[in-house]
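Q: Below you will find the structure I want to go over with you.
The values are calculated or read from the model by the stated rules, or taken from the named source; none is laboratory data. Since this is a predicted model, take the numbers as computed values, not measurements. With ideal geometry, Cβ positions are generated from the backbone for all residues, glycine too; neighbour counts draw on all protein chains shown.
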Amino acid sequence: MQLSHSGTVIAGSLLVALAFNLLPWSVNWLWLRPDFLLLVTLYWVIYQPSRIGMGTAWWLGLLVDLTDGGILGQHALAYAMSVFVLLLLQRRMFNFPPWQQASHIVGLLLIEQSVCVLIATFVGDAFHTLQYFAAIVTGAICWIPLWSILHRLRTPETAEAQ
């Protein structure tokens with residue numbers, strides 16, 4: 001089985017994920033929005049670690065900081081830390097089915113969200129509620145359909161044979 005390693009597929013999926021992050025959400029439901037860009041980045045780190053790594057995660061995190069208007073470097077550090085931990089687990093996660101990967105994704109999203117909350121707390125933002133961590137659950141729920149879509153894009157010849 002030959003895998004498609006097209007840089008256009010990777011870049012396109014990251015751009016679509018960024019667009020999903022930028023969709024207008026109601027303020028009441030914003031806390032439920034999963035970080036689509038991080039999820040897609042984690043997928044590519046699992047399956048293309050030679051192309052997407054900590055440097056890419058850092059730059060994508062900076063892009064999120066610029067688009068969200070948050071603290072510059074907050075998401076960059078959080079993305080890089082999540083990807084660092086994933087790189088330690090990458091060989092194992094590569095062989096797991098998506099539902100088992102989702103349980104590890106929860107931990108990676110928890111790292112990202114914890115770093116963001118910690119940095120925001122250090123600069124004086126108040127942390128009042130655990131709603132900040134609800135996006136972890138929605139992100140884990142989104143992992144399996146997202147994995148399915150990206151897997152079909154990554155391996156188009158095997159998707160047609162099924």
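Q: Looking at the structure I just gave you, is GLN74 at negative phi and touching a Cys at 6+ places or on another chain (Cβ under 8 Å)? I'd like the intermediate steps shown before the answer.
A: On the way: at negative phi: yes; touching a Cys at 6+ places or on another chain (Cβ under 8 Å): yes.
So GLN74 passes the test.
Q: Just checking: which of the helices (runs of 4 or more DSSP H) contained wholly in the stretch 1-72 hold 3 or more residues that are surrounded by fewer than 20 Cβ atoms within 10 Å (Cβ to Cβ)?
A: Because the criterion is at least 3 residues that are surrounded by fewer than 20 Cβ atoms within 10 Å (Cβ to Cβ), the helices (runs of 4 or more DSSP H) in the stretch 1-72 that meet it are 7-22, 54-68.
Q: Right, next: Could we say that GLN101 is of a type outside the set (A, V, I, L, M), touching a Phe, Trp or Tyr at 6+ places or on another chain (Cβ under 7 Å) and either closer than 21 Å to ILE46 by Cβ or assigned to a loop (DSSP other than H, G, I, E, B) (or both) here?
A: Details: of a type outside the set (A, V, I, L, M): yes; touching a Phe, Trp or Tyr at 6+ places or on another chain (Cβ under 7 Å): yes; either closer than 21 Å to ILE46 by Cβ or assigned to a loop (DSSP other than H, G, I, E, B) (or both): yes.
Answer is yes for this residue.
Q: Quick one: TRP143 ticks every box in (1) farther than 20 Å from ALA11 by Cα; (2) assigned to a helix (DSSP H, G or I); (3) not aliphatic (A, V, I, L, M) bar one, so which box is it?
A: All conditions pass for TRP143, except number (1).
One line per residue, one yes/no per condition, for (1) touching a residue at least 12 places away in the same chain (Cβ under 8 Å); (2) touching a helix residue (DSSP H, G or I) at 6+ places or on another chain (Cβ under 7 Å):
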site	(1), (2)
SER50	no, no
TRP59	yes, no
LEU62	yes, yes
THR67	yes, yes
GLN74	yes, yes
PHE84	yes, yes
ARG91	no, no
PHE96	no, no
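Listed here are the residues, each with its yes/no results for (1) touching a helix residue (DSSP H, G or I) at 6+ places or on another chain (Cβ under 9 Å); (2) surrounded by 15 or more Cβ atoms within 10 Å (Cβ to Cβ); (3) closer than 15 Å to ALA80 by Cα.
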| site | (1), (2), (3) |
| --- | --- |
| ILE105 | yes, yes, yes |
| LEU108 | yes, yes, yes |
| GLU112 | yes, yes, yes |
| VAL115 | yes, yes, yes |
| ASP125 | yes, no, no |
| LEU130 | no, no, no |
| PHE133 | yes, no, no |
| ILE136 | yes, yes, no |
| TRP143 | yes, yes, no |
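Q: Do the conditions hold for LEU88, that is, is it modelled with pLDDT of 95 or more, out of contact with any Phe, Trp or Tyr (no Cβ under 9 Å at 6 or more places or on another chain), more than 22 Å from LEU18 (Cα to Cα) and surrounded by fewer than 16 Cβ atoms within 10 Å (Cβ to Cβ)? Even if it seems obvious, please write down each step before you answer.
A: On the way: modelled with pLDDT of 95 or more: yes; out of contact with any Phe, Trp or Tyr (no Cβ under 9 Å at 6 or more places or on another chain): yes; more than 22 Å from LEU18 (Cα to Cα): yes; surrounded by fewer than 16 Cβ atoms within 10 Å (Cβ to Cβ): yes.
Considered against the rule, which asks whether it is modelled with pLDDT of 95 or more, out of contact with any Phe, Trp or Tyr (no Cβ under 9 Å at 6 or more places or on another chain), more than 22 Å from LEU18 (Cα to Cα) and surrounded by fewer than 16 Cβ atoms within 10 Å (Cβ to Cβ), LEU88 comes out as yes.
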